[in-house]
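Read-outs throughout are calculated quantities, based only on the coordinates presented, and are distinct from any laboratory measurement. Just so you know, these numbers come straight off a predicted model, no measurement behind them. We place every Cβ from the backbone using ideal geometry, glycine too, and count neighbours over all the protein chains shown.
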Amino acid sequence: MDTTLDDKFHIDNKGTTENGVTKFTIGEFTFDTFHEYRDAQEDIKKISAIHKELDVRDPEVAVRIYNLIRDGKIHFKSPVGQQFTDHISDILADQNIDLLEDKAVVDEAEKKGKPSHLLGIGLIVLAAGAFSYFGVNELEDRLTAQKYSKLALDAQSAESTQTLQPEESSDSQDSMNYSINATSPFVWNETINRDSLTVLPEYEGLVDKNPDTVGWLSIPGTDINYPVVQKEDDNEYYLNHSFEGEDDSNGALFVDYRSDIVNEHSNTIIYGHNMNSGLMFGNLDSYLDQDYFNSHRTVSFNTIYEHRTYEIVAVCLSRVEYQDENSYRYYNFIQAENRAEWDAFVSNVNQLSIFSHDVDLEETDKVLTLSTCNNYTEDGRLFVVAKRIS
């Protein structure tokens, strides 16, 4: 049986005094002013009424409560109310995956309620306003974020486990067939046969889930932390399919099919949607702020075969050009066949960069480009350019 609000919160109208300052406490919460304390009391009354009449663990009821809170029909003013909101969100995210997968069930839940809940729902309506439709997409975004967080934790756990194992060999880098010198750290001695490489232990599970997996992209200090896929001869599929291959408007982060993640081309391009929820590359436009750019320069793009680190050198704005327009298309630069093509790329990055027009790039550098939409103009694009440093 759930703990009741009366059990959880003991309300002391007199408050307490500490060092001559009156504090008001409700359970684990402390309030500096009586006004804040009364707001919390009001929130507790609302929460108590909900618990009294409804079973918030019932998926249909949780849907309605979340909907009312989201639309401001039930309004909380204190941390107590926020805690309850988080509790409802967690119930939906943790227990209602099957409900979300069957949209018909969700729609049915929105059209009618169980008779046993009608009295309680009526009381909420009288106190807080009319029902509106539940934001299925918003909840799906929350579930998507949790799903990718779990994938990240699984990969980290696998990596940590491997680290604790005795080393079997010290020649793993030799199999990568690249040399290191002062001029260019990433000059390949010969073309590498991907079949000769071994998938890193932390990514074996991802490859088992989806053979299209080519790596993992993360930017420390940001929400960007996702697996990366690549579809042969196809830059469309993962625009509307998840990592698992399911229909999903969030899509997935994917490498341009023309880029080779093993025998690196001059430029490796990773695409992702700019989602309002912040998923995928939804927070990449934070780089339009120079302070943010200065403090988030490191990018980790590990392929399934090796760890790689890049340094962001430019943040650029561009747009998708029409076929008859004679303009530079950054998204078509994959491999510089000669110095002129490289210079043209660097020149255009300098021109499109929003912070600096002296971008630090050399012909021997290997570049990583993160590309997403930006609505600063029609068909606008934001792309972040980084060079490999390890």
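Between D234 and Q82, the FRET efficiency estimated from the beta carbon spacing at R0 = 41 angstrom works out to 0.40.
Could you please report the charge total around A252, scoring K, R as +1 and D, E as -1 over all other residues with beta-carbon less than 13 angstrom from its beta-carbon? Numbers along the way, then the final one.
Values: positive: K147, K209, K231; negative: D212, D234, E236, E244, E246, D247, D248.
That sum, taken over residues with Cβ under 13 Å, equals -4.
Return the FRET efficiency for the residue pair S390, A49: r is the Cβ-Cβ distance, R0 is 56 Å, and the value is rounded to the nearest 0.05. Result of the calculation: an efficiency of 0.45.
Our coupling estimate for the range 294-306, obtained by passing each phi through the Karplus curve with A = 6.51, B = -1.76, C = 1.60 and θ = phi - 60°, is 5, 9, 9, 8, 9, 10, 9, 10, 8, 6, 6, 10, 7 Hz, Gly and Pro reported as x.
Here the range 344-390 is treated with +1 on each Lys and Arg Cβ and -1 on each Asp and Glu Cβ, and its dipole about the Cα centre works out to around 180 debye. Sites listed here are GluC sites (Glu not before Pro) in the range 349-390 whose DSSP assignment is loop and whose Cβ has at most 11 other Cβ atoms within 10 Å: E362, E378.
Pairs to check: K45/K150; K147/K209; K150/K209; K209/K231. Give those whose C-alpha atoms are more than 24 Å from each other in this structure. Violating the 24 Å Cα-Cα cut-off are K45/K150.
Here is the P(r) of the range 192-388: all C-alpha pair distances, binned every 10 Å from 0, give 9, 37, 39, 15, 1 in whole percents.
Using R0 = 35 Å, the C-beta based FRET efficiency linking Y257 and D90 works out to 0.35.
Here the gap between H307 and N210, fully extended at 0.36 nm per residue and compared with their Cα-Cα distance, gives a gain of 33.0 nm. Residues whose amide H falls under 5 Å from that of R381, counting only those 5 or more places apart or on a different chain, are S318, R319, V320, N374, with hydrogens built in the peptide plane.
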